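Remarks on the structure that follows.
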Amino acid sequence: MALEFEKLLNKEQLEAVRTIDGPLLILAGAGSGKTRVLTYRIAHMIEDKHIYPSQILAITFTNKAAGEMKERVRKLIGNEADNMWISTFHSSCVRILRREIDKLGYNKNFAIYDSYDQKVLVKQCMQELNINEKDITDREIIGKIGELKDELKSADRFKRENQHNFRMNKIADLYLLYQKKLKSNNALDFDDLICKTVELLKNHGDVLEFYQRKFRYIMVDEYQDTNKAQYELVRLLADQHKNICVVGDDDQCIYAWRGADIRNILEFEKDYPNAKVIKLEQNYRSKANILEAANCVISNNTQRKGKKLRPVCDAGEKIRIYRAFSDLDEGRYVALEIKKALKDEQRSFRDFAILYRTNAQSRVFEDQFIRESIPYRIIGGLKFYDRKEIKDILGYLKFINNPLDDVSLKRIINVPKRNIGDTTVQKVQEFANQIDECMYSVLLEVEQVMSLAQRSVTSIKKFVSLINSFVRTKDDKPVSKLIEEILESTGYLNELKNSKDPDDISRVENLKELVSAAAEFENSDQEDKSLSAFLEKVTLVSDIDNHDDSENTVVMMTVHSAKGLEFPVVFMVGMENGIFPGAQSLNDPGEMEESRRLCYVGITRAKDRLYMTSAETRRVFGRTVAYAQSDFVNEISQEFKQGAYAASHHGRPAPASPVVASAFAKSHAAAKPAAPRGTLTAESVNAGMKVRHEKFGIGTIVSVSRAAGDAKLTIAFDKMGVKILMLSMAPLEAV
């Protein structure tokens, strides 16, 4: 077996495989072959060191990872692999609890509640404690309880810590009752599986001693993603023999919002002073320029272990930086680059991945891909027009456009909730069927439905009045304004903004993107700008969703979803301050470091070629905004990247980024007129000045970027929104 190791592993990998006794930290950089190291290490322990498989515990984070690891070990050593524990944290804990949970007062046939069961039980507790969901939502309570369990905080302790905080005290009361009901039902929720195992090991020395003796060797994958409860579980099990091997990459810790604590991996040597540290820095995935770009970015973080990825592959192409004129131009650029590569390089659609910060960004690319006949699929998120919040508002638009549409009516009649329940809707439907009319005809004269309660009648009348107001004005205003009116008048947007559910933040962003889509439709060359025409366009987009995972398609996903994957060509889009990194990160050093780690993860997904694109302007909630190019792009040394130019609506090029502004200005020096119009010069223009453009009219200069005797101006025009223009080429004069 040793000879095989020497042939198949590099020096650092071989050292990690052969280091069996004592604490070991393997810092495995992206694409460094950590799974091979783990599987060969297990095989070496069993085949060469003659360690019983039952004495080894290998913990992963997903069932898929556990299954793959077990299969690879089985190929190396045969069925011996079946005698060891290779499983997730939760699966390992269930096995322990099935044997020992009676010591905590539960029966061994305990139930495990999923999220639906959990929600039902929480709602029951809320009713008993008279907690109004308008004050505290069940989602907020479930999220808080999960967070507390991850931190190993009991209900009693949380209650003591929050005696003087009315809101938290209420949640503590519910947490206490919730745990009481779980136990009376002989049930555990998902978070209990780990924290109850920790409780068992801490409070019952005989159980702890048994499992410490059983698991003499412990291995943990993705250690940077562990939370406090998982950390404590591993610490307890490894405390006697301290033969603990953890594998991870502090530079890929991107789940702080999910409870992951980067200190677990950064302070491993503090927990285990005799620990050996091995760095796997040899990258087998990416071209050298891609790795150098990743190193440039991540080196700006302070909370990290020192390591640098080393390439096995050749230099490859430089990172392609594209600064688009607008988000639409960004989408067109990505689509055309894919088509060009397909033609010139004989690539397949599956070679390409589009990575973005949030799912709301997918819409522009979906529209462009459909226009260019590029098949795609979205991983980790629904297609833009299939998301619930989008379908809800489209339901309003469809019904306003066609009041005979009973399907759309049923979708929106109680969204947001307006005291028109399922029973009421069913009664209206039955009455409409009896008189052979559409449901809305019945609602217009709702008193004729004799079996309805007065409260329901009042709510229906308010709904009908609201819909009628939309119907009366639908032909007199642009679709984007109609959507904004629906969001405000129905209270839909306000409900999301006031929600404690973190997912609702993304839903608000998606609705902003819908307004932007409508605004783009209004500004398009299409003659028919009616609501009917917009709905036809949307229907075309939403209907093209028939791609199976096995099909040859471009993949679109968030950077979070891409962790652990790799693609020949990667487009990291929306690389702008305010998007990636987000606005919150720009004001918080800790958040900024996590965003930078996320960027590092995105960069290292690319094998052959990496694009990083951004836009001078983009639509956000139907309004044009301008964001600076991402700091992360600027952190990459110029020697590893190359710029590209965007095209304005007039076909005139504008600098792609500050990186190429100087070169652009020099290359176009001969084309510049002798002097700008009026009194404007590169030295005289300043933010705040009023200017006039031949086509765009009067505007105010928002910012000025000077380079090589020219100036790039960001101008907010009174009637045409924000534009980015070069002073030497724009027909501008001072006002």
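The values are calculated or read from the model by the stated rules, or taken from the named source; none is laboratory data. All values reported here derive from a predicted model rather than from experimental measurement. A quick note on method: Cβ atoms are made from the backbone with ideal geometry, for glycine too, and the neighbour counts reach across all protein chains shown. When the accessible area is computed, the model is the full protein with side chains, heavy atoms only, and any ligands, DNA or RNA have been set aside. Shrake-Rupley method; radii C 1.70, N 1.55, O 1.52, S 1.80 Å.
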(request) Give me the pairs, please: first residue somewhere in segment 501-517 and assigned to a helix (DSSP H, G or I), second residue anywhere and open to solvent by 70 Å² or more (accessible area, probe 1.4 Å), beta-carbon distance under 8 Å, and either six or more positions apart or on two chains. (result) Asp504/Lys497; Arg507/Lys388; Val508/Lys497
(message) For segment 122-137, check the following and say yes or no: at least one residue is modelled with pLDDT under 90 and within 27 Å of Lys202 (Cα to Cα).
(response) no
(message) Is it the case, given these coordinates, that Val94 is open to solvent by less than 10 Å² (accessible area, probe 1.4 Å), in a helix (DSSP H, G or I), of a type outside the set (D, E, K, R) and in contact (Cβ under 8 Å) with a residue 60 or more places away in the chain?
(response) no
(request) Kindly check whether there is at least one residue in segment 45-52 that is assigned to a helix (DSSP H, G or I), among the hydrophobic types (A, V, I, L, M, F, W, C) and open to solvent by less than 10 Å² (accessible area, probe 1.4 Å). (result) yes
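For a quick check of your reading: which helices (runs of 4 or more DSSP H) sit entirely within segment 227-302 and have at least 3 residues that are farther than 23 Å from Leu200 by Cα, at pLDDT 90 or above and of a type in the set (Lys, Arg)?
Numbers: elements: 228-238, 263-266, 268-271, 288-298.
Counting at least 3 such residues, we get no helices (runs of 4 or more DSSP H) at all.
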(request) Among what's in segment 690-735 and is more than 23 Å from Arg623 (Cβ to Cβ) and part of a loop (DSSP other than H, G, I, E, B), pick the residue that is most open to solvent (accessible area, probe 1.4 Å). (result) Glu694
(request) Output the qualifying pairs, or none if there are none: Cβ atoms under 9 angstrom, residues six or more apart or on different chains, first residue in segment 311-330 and modelled with pLDDT under 95 and assigned to a strand (DSSP E or B), second residue charged (D, E, K, R) and open to solvent by 40 Å² or more (accessible area, probe 1.4 Å). (result) Pro311/Lys287; Pro311/Glu292; Ala324/Arg332; Ser326/Arg619
(request) Residue by residue through segment 93-114, note down the ones that are touching a helix residue (DSSP H, G or I) at 6+ places or on another chain (Cβ under 8 Å) and of a type in the set (S, T, N, Q). (result) Asn107
(message) As an exercise: evaluate Met556 against (1) modelled with pLDDT under 90; (2) under 30 Å from Ser408 (Cβ atoms) and give the number of the one condition it does not meet.
(response) (1)
(request) Sort through Leu466, Leu409 and tell me the only one that's of a type outside the set (Val, Ile, Thr), buried (at least 17 other Cβ atoms within 10 Å of the Cβ), at pLDDT 85 or above and part of a helix (DSSP H, G or I). (result) Leu409
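Yes or no, residue by residue, for (1) closer than 23 Å to Ala58 by Cα; (2) free of Cβ contacts under 8 Å to residues at least 24 places away in the same chain; (3) open to solvent by 40 Å² or more (accessible area, probe 1.4 Å):
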{"residue": "Asn107", "(1), (2), (3)": "no, no, yes"}
{"residue": "Ile136", "(1), (2), (3)": "no, no, no"}
{"residue": "Ala155", "(1), (2), (3)": "no, no, no"}
{"residue": "Tyr211", "(1), (2), (3)": "yes, no, no"}
(request) Scan (1) without any contact (Cβ under 8 Å) to a residue 40 or more places away in the chain; (2) more than 26 Å from Thr302 (Cα to Cα); (3) among the charged types (D, E, K, R) for the single condition Lys242 breaks and write down its number. (result) (1)
(request) Name, by its number, the condition in (1) crowded, with 18+ Cβ neighbours inside 10 Å; (2) in a helix (DSSP H, G or I) that does not hold for Gln434. (result) (1)
(request) Could you grab me the full set of residues in segment 554-606 that are surrounded by fewer than 21 Cβ atoms within 10 Å (Cβ to Cβ), part of a loop (DSSP other than H, G, I, E, B) and aliphatic (A, V, I, L, M)? (result) Leu565
(message) Suppose we keep only residues that are among the hydrophobic types (A, V, I, L, M, F, W, C) and more than 21 Å from the chain's Cα centre (by Cα) within segment 287-301. Which one would you say is surrounded by the most Cβ atoms within 10 Å (Cβ to Cβ)?
(response) Ile290
(message) Of the conditions (1) open to solvent by 20 Å² or more (accessible area, probe 1.4 Å); (2) in contact with a helix residue (DSSP H, G or I) (Cβ under 8 Å, 6 or more places away or on another chain), Gln426 satisfies every one except a single condition; which number is it?
(response) (2)
(request) Output yes when any residue across segment 348-367 is surrounded by fewer than 18 Cβ atoms within 10 Å (Cβ to Cβ), without any contact (Cβ under 8 Å) to a residue 40 or more places away in the chain and of a type outside the set (Lys, Arg), and no when none is. (result) no
(request) Just one of (1) more than 24 Å from Asp250 (Cα to Cα); (2) open to solvent by 40 Å² or more (accessible area, probe 1.4 Å) trips up Ser614, so point out which. (result) (2)
(request) Could you list all residues from segment 65-91 that are under 28 Å from the mean Cα position of the chain (by Cα) and under 19 Å from Tyr52 (Cβ atoms)? (result) Met69, Ser87
(message) Take the conditions modelled with pLDDT under 90, in a helix (DSSP H, G or I) and open to solvent by less than 30 Å² (accessible area, probe 1.4 Å) and apply them to Gly395. Does it pass?
(response) yes
(message) Being touching a residue at least 12 places away in the same chain (Cβ under 8 Å) and loosely packed, with under 15 Cβ neighbours inside 10 Å is the requirement here; does Gln124 meet it?
(response) yes
(request) Filter segment 368-391 for residues that are part of a helix (DSSP H, G or I) and crowded, with 19+ Cβ neighbours inside 10 Å and give the result. (result) Gln368, Phe369, Phe384, Tyr385, Glu389, Ile390
(message) Please go through segment 160-178 and give me each residue that is over 13 Å from Lys144 (Cβ atoms) and open to solvent by less than 40 Å² (accessible area, probe 1.4 Å), ordered by number.
(response) Leu177
(message) Every residue in segment 17-44 that is within 18 Å of His241 (Cα to Cα) and surrounded by fewer than 18 Cβ atoms within 10 Å (Cβ to Cβ), please.
(response) Arg18, Thr19, Ile20, Asp21, Gly22
(request) Name the residue, out of Val449, Val479, that is of a type outside the set (Ser, Thr, Tyr), modelled with pLDDT under 90 and open to solvent by less than 50 Å² (accessible area, probe 1.4 Å). (result) Val449
(request) Output the number of residues of segment 484-499 satisfying the condition of being without any contact (Cβ under 8 Å) to a residue 24 or more places away in the chain, within 26 Å of the chain's Cα centre (by Cα) and either in a helix (DSSP H, G or I) or crowded, with 16+ Cβ neighbours inside 10 Å (or both). (result) 3
